[in-house]
Amino acid sequence: MIKQGIYHTPDVPYAYAIEQNTLYLKIQTAKDDIKNVYVYYKDRHHYEKPFSQVSMNRTEGSENFTYYEVELVNVDKKFRYFFELIDNEGNCFYYNERGIINEKPDVPQSFQFPYLCPGDFYHPVDWAKDGVMYQIFPDRFCNGNHNNDPEGVKPWGEKVVGNHDFFGGDLKGITKQLDYLKELGVTIIYTTPIFQSCSNHKYNTKDYFEIDPQFGTKEELRELIDEAHKRGMRFVLDGVFNHSGDDFFAFKDVMAKGEKSTYKDWYYIDSYPIDQRKLNYVTFYDRYGNMPKLNMSNPSTVQYFLDVASYWLREFHIDGFRLDVCDEIDHSFLKKFYERVKKENPDAIVIGEIMHMGNSFCKGDELDSTMNYPFRESVLEFFALRKMTAENFIEALSIRQHSLRKDIHKQMLNLLDSHDTARFVTDASGEKKRLMLATVFQYTYLGIPYIYYGDEVGLEGGNDPDCRRCMIWDKEKQDVTLFEHFKWLANIRREHKEFVDGEFNTLLAKQQFLIYERVLNDDKSIIIINNSEEEKLSYRLKEGMYCNLLTNEVLEGDRELVVDPMNFMVLHVINK
């Protein structure tokens, strides 16, 4: 009897409320060791009442683990439960709070989920999971108003050197290109910071209540958001609340008054007076003196930034925030921030910049989503750098998937690159076929496809600041084939909801060959990706009729399909 690998805890992501009377449960077992899993459950206060038994559903696992899940309903919202596991030889054992036992457990040792409290329910951001996000670095996207160009603005497209190169991109420029974004299939626009700051990236904020003049005015922001909303697009701002600029009023006051400053507790200061050469205070990253770290456990600091959030949500009807370096901010502040955002607009989204798993932030009371860097790293290694096999690729994604609530996993922002990384196509040695295969996976996997401006037309760039080149607007220099590929992916994702809400099932993961299906009720699509540069991929198609979503060709099943190297096929099953 094999009992390794079994795990459950009555907390996210293994147990959580999904509706008023419904509890989601998941249990992990060692890969293929268990044939069936049942859960016994009842109202936690009905000691004498017998347990109800229900079979759990096997779901996509990993190389090492299999997972079983189920949704339980109890109108009284109080749960007591334990698991029965049957191995491949028919041996039966049980699992409860005390671990693995051979006899059916007594009531007191059961797992408990005491009450489905309404205040603990997570409400998914329904519009998000269906969307496609587009990240804009405003200074480099489009210059729509030359009258607000900063002094010394460089010619569009000239080489980027540092943080004080300005090219004149602005809010008017984004408004001007909204129809371009609409054609691309974008539904969510996220801009890096637009608040007043002396740098081109604006992550050292001077004033959180003002738009930087080089980007335009508040009236122009209102126009941009209104026009985006008319086109069915959402608009997300970047909130830099881990640190301020050193010219922010509070830090300036501390520099001027030292320990007598009203704002000394807004920062982490080791000694006085402030010394910006020796850096006797905590900063962002590795001793960036112009970005002092904010103390978000200080009540007055917390209140100030909660008011910042309310201001932009109320006055400009933004659709949410992306929080910079949010994994270095107090959990207590993030919970208050999340509550304030949802109070102002229950439909708004809160996104965290977290460059690792960050599971402790994703339980449903701090963030709705994160920039999914674990996804990016896996896609980069498999498609661009070719350092990973399909087996390891799926394993890495499965670990990520099962670390999160299912509803939040659907809202993860699946980026390939960003303003903090080299461009994907540059990491792929300029091979655009690798980018095309990666985006096929990106748009047909669980989560929200995320485009960094210019990827869709072949914009290249190395690490920061080279990844922040000016957008290509000259049609003759744009990769039109790539643009049409992105458009097509957005269209099939919009038309076939299995790519949004369907289950993900791996059919084949071997070396550089990857085949999987997305299934939602009676709707099913099969995605075949040949990531090999040399070998053809042969796959036996089951009996039935299929539509090739790229060519619209109807294919008859019960036949051998051959996919050429560095190519793909997306087939939708035609229901009779």
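The values are calculated or read from the model by the stated rules, or taken from the named source; none is laboratory data. Given the structure is predicted, the values throughout are model-derived calculations rather than measurements. Don't worry about glycine lacking a Cβ; one is built from the backbone with ideal geometry, like all the others, and counts go over all protein chains shown. Each accessible area value is taken on the protein alone, full model and side chains, heavy atoms only, with ligands, DNA and RNA left out. Shrake-Rupley method; radii C 1.70, N 1.55, O 1.52, S 1.80 Å.
What to note about this one:
- Count of the stretch 63-77 residues, restricted to those that are farther than 27 Å from Ser398 by Cβ, crowded, with 17+ Cβ neighbours inside 10 Å and modelled with pLDDT of 90 or more, is 1.
- Among residues of the stretch 290-332, those that are within 19 Å of Gly358 (Cβ to Cβ), open to solvent by 30 Å² or more (accessible area, probe 1.4 Å) and assigned to a helix (DSSP H, G or I), counted: 4
- Residues (among the hydrophobic types (A, V, I, L, M, F, W, C), open to solvent by 10 Å² or more (accessible area, probe 1.4 Å), over 24 Å from the mean Cα position of the chain (by Cα) and within 30 Å of Asn21 (Cα to Cα)) located in the stretch 113-166: Phe113, Cys117
- Among the residues of this structure, Phe499 counts as one that is free of Cβ contacts under 8 Å to residues at least 60 places away in the same chain, in contact with a helix residue (DSSP H, G or I) (Cβ under 7 Å, 6 or more places away or on another chain) and open to solvent by less than 40 Å² (accessible area, probe 1.4 Å).
- Residue check, Arg287 within 23 Å of Glu353 (Cβ to Cβ) and exposed (fewer than 14 other Cβ atoms within 10 Å of the Cβ): yes
- Test: Arg340 is among the charged types (D, E, K, R), at pLDDT 95 or above, more than 28 Å from Tyr267 (Cβ to Cβ) and touching a helix residue (DSSP H, G or I) at 6+ places or on another chain (Cβ under 7 Å): no
For (1) in contact with a helix residue (DSSP H, G or I) (Cβ under 6 Å, 6 or more places away or on another chain); (2) at pLDDT 95 or above; (3) charged (D, E, K, R); (4) open to solvent by less than 70 Å² (accessible area, probe 1.4 Å), each residue gets a yes or a no:
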| site | (1), (2), (3), (4) |
| --- | --- |
| Lys230 | no, yes, yes, no |
| Gly245 | no, yes, no, yes |
| Phe248 | no, yes, no, yes |
| Phe251 | no, yes, no, yes |
| Gly258 | no, yes, no, yes |
| Lys264 | yes, yes, yes, yes |
| Ile269 | no, yes, no, yes |
| Tyr272 | yes, yes, no, no |
| Val282 | no, yes, no, yes |
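- In the stretch 50-62, the residues that are open to solvent by 30 Å² or more (accessible area, probe 1.4 Å), closer than 18 Å to Asn96 by Cα and of a type outside the set (S, T, N, Q): Pro50, Phe51, Val54
- Ile399 vs. criteria in a helix (DSSP H, G or I) and open to solvent by 10 Å² or more (accessible area, probe 1.4 Å): yes
- Any chance Arg540 is in a strand (DSSP E or B), basic (Lys, Arg) and open to solvent by less than 30 Å² (accessible area, probe 1.4 Å): no
- Of the residues making up the stretch 456-486, those that are in contact with a Leu (Cβ under 8 Å, 6 or more places away or on another chain) and either closer than 19 Å to Val132 by Cβ or of a type in the set (Ser, Thr, Tyr) (or both) are Glu456, Val457, Gly458, Met471, Leu482, Phe483, Phe486.
- Residue in the stretch 23-41 that is open to solvent by 60 Å² or more (accessible area, probe 1.4 Å) and closer than 22 Å to Gly364 by Cα present: no
- Ala509 vs. criteria at pLDDT 95 or above and in a strand (DSSP E or B): yes
- The stretch 171-204: number of residues that are open to solvent by less than 10 Å² (accessible area, probe 1.4 Å) and either β-branched (Val, Ile, Thr) or in a helix (DSSP H, G or I) (or both): 12
- Taken together, Ile100, Ile6 contain a single residue that is more than 18 Å from His409 (Cβ to Cβ), open to solvent by 10 Å² or more (accessible area, probe 1.4 Å) and over 33 Å from the mean Cα position of the chain (by Cα), which is Ile100.
- Residue in the stretch 402-446 that is farthest from Arg58 (Cα to Cα), counting only those that are open to solvent by 10 Å² or more (accessible area, probe 1.4 Å) and touching a Phe, Trp or Tyr at 6+ places or on another chain (Cβ under 7 Å): Arg434
- Residue ID - farthest from the chain's Cα centre (by Cα), chosen from residues in the stretch 447-486 that are buried (at least 19 other Cβ atoms within 10 Å of the Cβ) and of a type in the set (Lys, Arg): Arg469
- Residues in the stretch 550-566 that are in contact (Cβ under 8 Å) with a residue 24 or more places away in the chain, outside any loop (DSSP other than H, G, I, E, B) and open to solvent by less than 60 Å² (accessible area, probe 1.4 Å): Leu561, Val563.
- Of the residues making up the stretch 160-198, those that are modelled with pLDDT of 95 or more, more than 17 Å from Gly216 (Cβ to Cβ) and either of a type outside the set (A, V, I, L, M, F, W, C) or in contact with a Pro (Cβ under 7 Å, 6 or more places away or on another chain) (or both) number 7.
- Matching residues in the stretch 91-103 - criterion: being without any contact (Cβ under 8 Å) to a residue 12 or more places away in the chain and in a loop (DSSP other than H, G, I, E, B): Arg98, Asn102, Glu103
- For the stretch 173-191, the tally of residues that are farther than 16 Å from Asn143 by Cα and not small (Gly, Ala, Ser) stands at 8.
- Odd one out for Arg494 among (1) over 19 Å from the mean Cα position of the chain (by Cα); (2) open to solvent by 40 Å² or more (accessible area, probe 1.4 Å): (1)
- If you go through the stretch 353-379 and keep only what is open to solvent by less than 20 Å² (accessible area, probe 1.4 Å), more than 10 Å from the chain's Cα centre (by Cα), of a type outside the set (Ser, Thr, Tyr) and under 30 Å from Gln512 (Cβ atoms), you end up with Gly358, Val379.
- Taken as a whole, the condition of being at pLDDT 95 or above, of a type in the set (Asp, Glu), under 30 Å from Val500 (Cα atoms) and not in a loop (DSSP other than H, G, I, E, B) does not apply to Asp207.
- Of the residues making up the stretch 1-40, those that are of a type in the set (Ser, Thr, Tyr) and more than 22 Å from Gly90 (Cα to Cα) are Thr9, Tyr14, Tyr16, Thr22, Tyr24.
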